[in-house]
Amino acid sequence: MIDKEYIRKRHFVDGWSIREISRSCKISRQTVRKMLQEAEIPKYNLTKPKPIPVMERWIPVIEAWIHEDKQPGVPKKQQHVASRIYERLKEEYPDEFHAAESTVRYWVRRLRDKKKEAFVPLTADAGELAEADFGKAMIRINGKPTDVHLFVMRLRNGLTPLIWTYLHFRAIFIEFRFIC
C-alpha cells in the first residue's frame, strides 16, 4: 500500500511519467498503470469459508442448546454458559468430542453474538418530517457585529427553511414560510 501511495503521489502530484516511476521503483510499467487506475486500498475477500473440522459437527448441537435457553420460562441462572456447554459435550459424547474448552468458548461467543440485521425506514410523506439544528452566527445590527443563536428547521420535502434568531433569550423573527 505504501508503494501504491508513493507511485500515485509521484505521478499525480509531482508529474512523473509512468516510465520514470517504473525505472525508479523497479517494477513493470503495466503494474504502475494498474496502481494508478485503482485508488482504493486492496481488500482480501474470502472466497469460501475456512474449514472447521473439529467443531463443524458440534456447532448445530450448541446452537440448539442456546436456542432452548432463549425459550420463555427458562430461568437466567439455568441457561448454559460456555464452560457448561463444554462439560455437557464431554459427558454426552465422551468418545466423539475432542475439542478444547477454549474452542468451545470461541464458538459459543460467535453463536451468541449473531445479530439480525435491523433497520428503520426513513420515509415520510410531505410535511410529516422536519430536520432541525441549532447554531451561532454573527450578524450586523445597526452596523454593530452581534453574536446571535440560531434555530433552523426545514421540512423534509420543503426547500425554504424556518430560521429564528435569539439575542439574550428574546426572539427576533426573520423568516417563516412553508412551501408545500
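Here is how the numbers come out for the structure above:
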quantity: Qualifying residue in the stretch 92-105 (condition: open to solvent by 100 Å² or more (accessible area, probe 1.4 Å), touching a residue at least 40 places away in the same chain (Cβ under 8 Å) and either assigned to a loop (DSSP other than H, G, I, E, B) or not hydrophobic (A, V, I, L, M, F, W, C) (or both)); calculated: yes
quantity: Residue ID - farthest from the chain's Cα centre (by Cα), chosen from residues in the stretch 53-91 that are in a loop (DSSP other than H, G, I, E, B) and either surrounded by 12 or more Cβ atoms within 10 Å (Cβ to Cβ) or among the aromatic types (F, W, Y) (or both); calculated: V74
quantity: Of the criteria (1) open to solvent by 100 Å² or more (accessible area, probe 1.4 Å); (2) at pLDDT below 85; (3) not small (G, A, S); (4) not in a strand (DSSP E or B), which one F173 fails; calculated: (4)
quantity: Considering residues of the stretch 106-131 that are of a type in the set (A, V, I, L, M, F, W, C) and open to solvent by 100 Å² or more (accessible area, probe 1.4 Å) only, the residue farthest from H67 (Cα to Cα); calculated: L122
quantity: Residue count for the stretch 36-50, restricted to those that are open to solvent by 100 Å² or more (accessible area, probe 1.4 Å) and modelled with pLDDT of 85 or more; calculated: 3
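The values are calculated or read from the model by the stated rules, or taken from the named source; none is laboratory data. Everything numeric here is computed off the predicted structure, so don't read it as measured data. Every residue, glycine among them, receives a Cβ derived from its backbone with ideal geometry; neighbour counts consider all protein chains shown. When the accessible area is computed, the model is the full protein with side chains, heavy atoms only, and any ligands, DNA or RNA have been set aside. Shrake-Rupley method; radii C 1.70, N 1.55, O 1.52, S 1.80 Å.
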